[in-house]
Amino acid sequence: MPPITTSIFELLKIGPGPSSSHTIAPMKAGFDFIEEARRLPEADRKRADALEIRLFGSLSATGEGHGTRRAIVSGLLGFLPDTCRPNVLEEFDQPGQTFRLDLGGPSLEYSPDDIILDAVRHDYPHSNTMTFALKAGDAVLLERIYYSVGGGFLRRKGETEPKPGEPAHPYKTMAELKQHLRRNSMRLHQLILANETAVTGAAEDEILLGLDRIIEVMERAVELGITTAGTLPGPIGLQRKAAILYNRAREEQYQGPGFLKAINAYALAASEENAAGHCVVTAPTCGAAGVIPAIVYMLKHHMGGRQSEIREGLLAACAIGFLCKHNASISGAEVGCQGEVGVASAMAAALLAYARGSRFQVTENAAEIALEHHLGLTCDPVGGYVQIPCIERNAMGAVKAYNAYLIASTLDESYQMVDLDKAIRAMAQTGRDMSRKYKETSLGGLAQSMTEC
Ligand code: SF4
């Protein structure tokens with residue numbers, strides 16, 4: 001197996017929820033296509049009279065509920081996931097709304113309703129396929145096929161995946177990572193930073209600025225969530241709860257149960273923002289986008305965490321996320337929710353331990369404890385919406401991360417019997433053994449028992 005070459009900003013991506021493959025990648029596709037259309041000869045741009053967009057696979061099956069149409073239109077209008085306003089997709093919510101697409105002078109009227117939800121099963125090589133065709137009568141002026149390949153990544157038909165650089169300290173497991181740290185007398189965040197520079201070619205300053213932006217978007221999602229009431233979009237009519245818990249935590253001055261209520265409130269807040277289709281950070285996925293922000297917010301606003309400590313903690317969290325992604329999965333569709341909220345909880349536990357200045361072994365132990373106690377967790381979103389059980393599950397994941405840190409940092413390190421590599425192997429095997437019903441299909445578990453009620 002090759003060494004880990006995943007970039008920090010592949011794991012932690014900014015963009016609108018509730019599902020990166022349904023919103024972030026389609027938004028990028030819209031942006032990319034309109035940019036290309038603007039480079040067509042002027043005569044073609046002037047005679048263009050129609051844009052035909054078709055969605056296939058799960059983009060067709062659940063794209064409507066996940067806001068795929070409005071994500072594409074926002075991209076066509078020039079918005080990109082990491083720079084758009086947090087609630088940009090709400091501007092494209094009204095049925096029958098039309099917009100003028102700028103083709104670099106000439107323009108074309110277009111409505112999100114024009115996007116065609118095509119076949120769920122098809123012959124394209126990737127399940128989540130989008131086809132775009134700019135037309136003049138029967139003539140096709142520009143045609144592109146895009147694949148949303150998971151985690152918000154977009155690939156164009158015919159495009160080969162860019163080859164990453166060689167990591168400065170190649171590793172595949174935590175055991176190998178620890179050898180590098182010992183051999184080079186390095187700290188974990190230094191190694192992750194050095195690898196990021198080698199793999200992506202980005203300068204260290206650039207990476208640190210990127211991390212600050214990630215922290216800022218996480219904090220903004222928490223702050224918007226704890227100050228917003230009402231129900232979330234979609235047929236479930238789910239009530240937002242973060243603001244209620246936050247107000248109670250404040251009344252209790254964050255003491256005793258008030259402290260736990262605050263962690264819950266922060267995780268619910270970012271998750272509710274995700275469910276509302278607002279911008280979050282995939283950490284490591286949109287579904288699990290509340291766990292790490294809750295711990296970041298606690299650290300910064302209640303535990304005196306400095307920005308530099310939080311950045312370093314995030315780098316340590318990325319090491320855990322990379323190992324889980326490389327040796328198991330971070331996709332609910334592949335291994336169930338243990339790979340989403342479970343991994344997010346392990347990353348958050350490591351972040352907390354590392355940012356609080358714990359020894360390296362405490363960081364690993366905290367991550368292992370958090371992951372171990374999510375093993376076997378299924379993915380069964382009710383109605384296919386990232387709301388029940390997802391939102392409360394983020395709160396549980398954040399509290400478990402805090403608890404894992406407490407256990408790991410209180411007990412003697414030699415008491416730890418299970419190491420992180422073993423827990424990740426167990427997650428991978430459990431995921432392989434898990435019935436398809438429990439892997440984001442909504443065919444089992446809570447998704448079914450809710451239907452029966
Ligand atoms: S239940 Fe499924 S969709 Fe919901 S957070 Fe977990 S993995 Fe994601």
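Matching residues to (1) closer than 18 Å to Ile310 by Cα; (2) part of a loop (DSSP other than H, G, I, E, B):
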{"residue": "Lys325", "(1), (2)": "no, no"}
{"residue": "Ile330", "(1), (2)": "no, yes"}
{"residue": "Ala349", "(1), (2)": "yes, no"}
{"residue": "Ser358", "(1), (2)": "yes, yes"}
{"residue": "Glu364", "(1), (2)": "yes, no"}
{"residue": "Ile391", "(1), (2)": "no, no"}
{"residue": "Ala395", "(1), (2)": "no, no"}
{"residue": "Tyr402", "(1), (2)": "yes, no"}
{"residue": "Ala408", "(1), (2)": "no, no"}
If you take the residues in the stretch 1-30 that are in contact with a helix residue (DSSP H, G or I) (Cβ under 7 Å, 6 or more places away or on another chain) and open to solvent by 50 Å² or more (accessible area, probe 1.4 Å), which one is farthest from Val73 (Cα to Cα)?
Phe9
So in the stretch 326-357, with the set limited to residues that are at pLDDT 95 or above and surrounded by fewer than 24 Cβ atoms within 10 Å (Cβ to Cβ), which one is farthest from the ligand (Cβ to nearest atom)?
Gly357
Go through (1) more than 17 Å from the chain's Cα centre (by Cα); (2) among the polar types (S, T, N, Q); (3) under 19 Å from Phe153 (Cα atoms) for Thr68 and report which single condition fails.
(1)
Taking the stretch 89-109 and the residues there that are touching a Gly at 6+ places or on another chain (Cβ under 9 Å) and closer than 29 Å to Ala221 by Cα, the one that is surrounded by the most Cβ atoms within 10 Å (Cβ to Cβ) would be Leu89
Give me a count of the residues in the stretch 151-174 that are modelled with pLDDT of 90 or more and open to solvent by less than 50 Å² (accessible area, probe 1.4 Å).
7
Scope the stretch 410-431; condition closer than 19 Å to Cys379 by Cβ and more than 16 Å from the ligand (Cβ to nearest atom); matching residues
Ala423, Ile424, Ala426, Gln429
Residue pairs within 6 Å by beta carbon, gap of at least six or interchain, first lying in the stretch 346-363 and in contact (Cβ under 8 Å) with a residue 24 or more places away in the chain, second of a type in the set (D, E, K, R), listed first then second, are Ala355/Glu309; Gln361/Glu413
Going by what's in this entry, would Thr410 be described as under 22 Å from Ser449 (Cβ atoms) and of a type in the set (Ser, Thr, Tyr)?
no
Would you be able to say whether some residue in the stretch 362-370 is over 23 Å from Met218 (Cβ atoms), hydroxyl-bearing (Ser, Thr, Tyr) and modelled with pLDDT of 95 or more?
no
Restricted to the stretch 433-450 and to residues being touching a residue at least 60 places away in the same chain (Cβ under 8 Å) and open to solvent by 60 Å² or more (accessible area, probe 1.4 Å), the residue nearest to the ligand (Cβ to nearest atom) is Glu440
Residues that are within 9 Å of the ligand (Cβ to nearest atom) and small (Gly, Ala, Ser), drawn from the stretch 369-396
Gly384
Tell me whether the stretch 411-422 contains one or more residues that are on the phi > 0 side of the Ramachandran plot, outside any helix (DSSP H, G or I) and touching an Asp or Glu at 6+ places or on another chain (Cβ under 8 Å).
no
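The values are calculated or read from the model by the stated rules, or taken from the named source; none is laboratory data. Because the structure is predicted, anything quoted here is derived from the model rather than measured. Note that each Cβ is placed from the backbone with ideal geometry, even for glycine, and that neighbours are counted across all protein chains shown. What goes into the accessible areas is simple: the full protein's heavy atoms, side chains included, and nothing from ligands, DNA or RNA. Shrake-Rupley method; radii C 1.70, N 1.55, O 1.52, S 1.80 Å.
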